[in-house]
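Below is one structure, written out as structure tokens; the observations come after it.
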Amino acid sequence: MKLGRKGQSGMSMFTMLIMVGLLACAGVLAAQVFPTTVEYQAILKAVQKAANEGNTVAQVRDIFEKAADINDIKSIGGKDLEVSKDGDKMLVKFAYNKEIHMFGPAFLLLKYSGQSKQTR
């Protein structure tokens with residue numbers, strides 16, 4: 001009995017190599033994006049702390065700068081915050097871009113923005 005192409009199933013070696021290459025590229029990209037999302041979460045916490053504890057624009061920026069030093073935040077500083085007062089509450093907004101070099105002239109641009117929540 002002779003088995004033809006119809007009796008065989010599965011991936012060829014070439015297809016498997018392509019799949020492994022694509023998964024490796026996705027893994028490398030995810031490894032570069034993950035630290036930026038961790039930093040974004042740290043920025044959100046620092047902004048919330050600054051909005052809750054500060055009563056003036058200068059205090060809010062100073063509190064954020066201290067939290068940024070502790071949490072190793074490098075993407076934005078206190079001067080980059082947009083601070084306003086909403087009634088008796090401080091509202092702090094921020095936005096920044098993060099570029100990740102992929103290969104050659106190609107970059108991945110991540111745009112982050114956020115604001116403090118009204119808790120008081």
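Every number here is computed from the coordinates shown, using simple stated rules; none is lab data. Fair warning: this is a prediction, and the values are worked out from it, not measured in the lab. Methodologically, a virtual Cβ is constructed for each residue, glycine included, from the backbone with ideal geometry; neighbour enumeration extends over all protein chains shown.
Its alpha carbons considered, the chain gives a radius of gyration followed by a Dmax of 23.6, 87 Å. Qualifying trypsin sites (Lys or Arg not before Pro) in segment 4-86, where qualification requires a DSSP coil assignment and no more than 14 other C-beta atoms within 10 Å, comprise Lys74.
Just Ala24, Ala50, Ala68 to compare: in a GNM of the chain, with alpha carbon springs under 10 Å, which one fluctuates most? Between Ala24, Ala50, Ala68, it is Ala24 that shows the largest mean-square fluctuation. Calculated mean residue ellipticity, 222 nm, the chain: -16500 deg cm²/dmol, from DSSP H runs (n ≥ 4) at -39500 (n - 2.57) each, averaged per residue and rounded to 500. Straight-line cross-link reach from Lys49 at under 25 Å between alpha-carbon atoms covers these lysines, not counting any fewer than eight positions away in the same chain: Lys66, Lys74, Lys79, Lys85, Lys89, Lys93, Lys98, Lys111, Lys117.
Axis angle, to the nearest 10 degrees, between helix 13-53 and the longest C-alpha principal axis of the chain: 10 degrees.
Any idea what angle helix 57-71 forms with the longest principal axis of the chain, computed on alpha-carbon atoms, 0 to 90 degrees, nearest 10? Result, in degrees: 40.
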